[in-house]
Amino acid sequence: MANYTFNAVYTAIETAALTVASDAYCSTRYEPIPDSFPAVYVEEVSRVRTPSGITLNYTDDQNRVIHEVQVWSNLQNGARAQAYAIMDAITAAYNGLYFRLTTMSPMPTTDRSIYRLVARFTKQVTGGDTLPEGE
C-alpha cells in the first residue's frame, strides 16, 4: 500500500474527476482561468504538525493536512450541475481516503460565464498511515 503522499492522493482524486468528465483538465498548478473546461485544480494548502501528536523528542510525524480543490465549468446550460457532479465524485474519493470535507462553496470569477466551486478537505496523517487497499 502507498503512503499518503500528495501525488498518491492527487492520482486518486484525478481518477475520480475523470470518471465524471473524461475530458476534464486536471492540474496541481493554479491558473486563474484554465485554458480548457471543465477543469479541476488540487493543491495541498497546509501541512502542519499538531501539538497533540508531537512527542517530547519530536520523533512523531503526525500532520494535519488540508487540500483545496477547485472545479470550473463553462457550460452555457448546466455549468453548476456539472461542477457539483465532479465535486461529488471528488468528495467520495476523498471520503474513501479518510479525508473529510470541511468547506465547499461557489466562488466568483472575473468571467461570469464560468462557474467555480471551491472545497477543502482535511485529514490527520500519521507516519504509519497508508492509502486504503484499491486506491
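For the range 81-103, what are the residues that are of a type outside the set (D, E, K, R), assigned to a strand (DSSP E or B) and either farther than 13 Å from His67 by Cα or out of contact with any helix residue (DSSP H, G or I) (no Cβ under 7 Å at 6 or more places or on another chain) (or both)? Selection gives Thr102, Thr103.
Here is a check on your reading of the model: is Val42 surrounded by 18 or more Cβ atoms within 10 Å (Cβ to Cβ), farther than 12 Å from Arg116 by Cβ and in contact with a Phe, Trp or Tyr (Cβ under 7 Å, 6 or more places away or on another chain)? In short, yes.
Here Trp72 fulfils each of the conditions (1) within 19 Å of Gly127 (Cα to Cα); (2) touching a strand residue (DSSP E or B) at 6+ places or on another chain (Cβ under 9 Å) apart from (1). Would you tally the residues in the range 1-27 being modelled with pLDDT of 95 or more and not in a helix (DSSP H, G or I)? Number of matching residues: 7.
One residue is enough: does the range 15-34 have a residue meeting the conditions surrounded by fewer than 12 Cβ atoms within 10 Å (Cβ to Cβ), within 14 Å of the chain's Cα centre (by Cα) and charged (D, E, K, R)? There is at least one residue in the range 15-34 that is surrounded by fewer than 12 Cβ atoms within 10 Å (Cβ to Cβ), within 14 Å of the chain's Cα centre (by Cα) and charged (D, E, K, R). Of all residue pairs spaced 6 or more apart or on separate chains, none has beta-carbon atoms under 9 Å together with a first member in the range 26-40 that is at negative phi and in contact (Cβ under 8 Å) with a residue 60 or more places away in the chain and a second member that is basic (Lys, Arg) and surrounded by 13 or more Cβ atoms within 10 Å (Cβ to Cβ). Just wondering, is there one or more residues in the range 57-78 that are within 11 Å of the chain's Cα centre (by Cα) and in a loop (DSSP other than H, G, I, E, B)? No, that holds for no residue.
Tallying residues that are surrounded by 15 or more Cβ atoms within 10 Å (Cβ to Cβ) and farther than 18 Å from Val45 by Cα within the range 117-135 yields 3.
State yes or no: is Val65 touching a residue at least 12 places away in the same chain (Cβ under 8 Å), closer than 19 Å to Met107 by Cα and either out of contact with any Gly (no Cβ under 6 Å at 6 or more places or on another chain) or crowded, with 18+ Cβ neighbours inside 10 Å (or both)? In short, no.
Restricted to the range 85-135, and to residues that are under 17 Å from Asn7 (Cα atoms) and among the aliphatic types (A, V, I, L, M), which residue is nearest to the chain's Cα centre (by Cα)? The selected residue is Ile90.
The values are calculated or read from the model by the stated rules, or taken from the named source; none is laboratory data. This one's a predicted model, so the numbers in the text were calculated from it and none came from an experiment. Every residue, glycine among them, receives a Cβ derived from its backbone with ideal geometry; neighbour counts consider all protein chains shown.
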